[in-house]
Amino acid sequence: MKEYDLIAIGTGSVMNILNGYIARNADARVAVIDKDKPGGICLTKGCIPSKILFYPVELLSDIWKAKEFGIDLNIKNINFQKIMNRMRTIIRKDIGKIEGGLKSHPNIDYYRAEARFIAPYTLVVNGEEIKAEKIFICSGSRPLIPKIKGLEKTGYFTSDTLLQLKNLPESLAVIGGGYIAVEYGNFFAKLGSKVKVIEMLPRILANEE
């Protein structure tokens, strides 16, 4: 059984904690475990890819407003695939840098696998037992799928899977009125999709001022 000073499940925000821990404990042995690509939800599926996608939409808004300043511009084409591929390329490079750092760090053993507790402070990863007195569980989150009759048969995207879209949809129904829903609704609408946002509360962005 391998014993570590610290085990981290996840490779997102917990990495900030690990960097500080290793800086204060130069001889520390650390295990980092993640079944998904390293970088956490923010990098791989969340705020970073979404902000990369929103930048071209901001440029479109500026172009449309330019007429107010006496500048007439025409948009010949919006290449949805190029917008999506640019995002994927940037994210892929960042993931590669993080993965390279994890694999080469002298204090870290990196496991690209699932972890399972078998006893207090003891995990099994890839059939190997590992142990530590400090274990951080920072495994992220997943989209909540509402129980709507017929949804499974209809098919749907989540905020995770829509990042794999190759073609701009002609129309889109966004279920939910939180900031993620509104951001993506705005993104697709600006690119030309017909978008409807469906929210059961009296207004969208109910948690915002």
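Readers should treat all values here as calculations from the given coordinates under stated rules, not as data from a laboratory. All values derive from a computational prediction rather than experimental measurement. So basically every Cβ, Gly included, is an ideal-geometry build from the backbone, and we count neighbours across all protein chains shown.
Quick one: net charge of S104's neighbours, Cβ under 15 Å, K/R +1, D/E -1?
Values: positive: K97, K103, R112; negative: E99, D109.
Result for the local shell: +1.
Highest-first packing order for the peptide set 65-77, 31-43 is 31-43, 65-77, based on the mean count of other beta carbon atoms within 10 Å.
Which residue, G101, G127, G177, tops the fluctuation ranking in a GNM of the chain built on C-alpha contacts under 10 Å? Fluctuation is largest for G127.
Simple spin-label estimate for K153 and I17 gives 4.5 nm between the two label positions (7 Å along the Cα-to-Cβ direction from each Cα). One entry in (1) -0.51, -0.80; (2) -0.34, -0.60; (3) -0.59, -1.03 is log10 I(q)/I(0) by the Debye sum over Cα atoms at q = 0.09, 0.12 Å⁻¹ calculated from the shown coordinates; its label is (1). GNM on the chain, alpha-carbon springs under 10 angstrom: the most fluctuating residue among E170, E152, E58 is E152. Note on N25 and R92: the model spin-label points, each 7 Å out from Cα along the C-beta direction, lie 3.7 nm apart.
Going from the fewest other Cβ atoms within 10 Å to the most, the residues T154, T122, T11 appear in the order T154, T122, T11.
If R0 is 41 Å, the Cβ-Cβ spacing of F117 and L168 corresponds to a FRET efficiency of close to 0.40.
For the range 51-209, with only Lys/Arg (+1) and Asp/Glu (-1) charged at the beta-carbon, what is the dipole magnitude about the Cα centre, in debye rounded to 20?
Details: 24 positive and 18 negative charges, 102 e Å.
That gives the range 51-209 a dipole magnitude of about 500 debye.
Please determine, in degrees from 0 to 90 and to the nearest 10, the orientation of helix 14-24 with respect to the longest principal axis defined by the Cα atoms of the chain, where the helix direction is its Cα long axis. Tilt relative to the chain: about 40 degrees.
Each of F80, F188, F117 was scored by other Cβ atoms within 10 Å of its Cβ. Arranged with the fewest first, they read F117, F80, F188.
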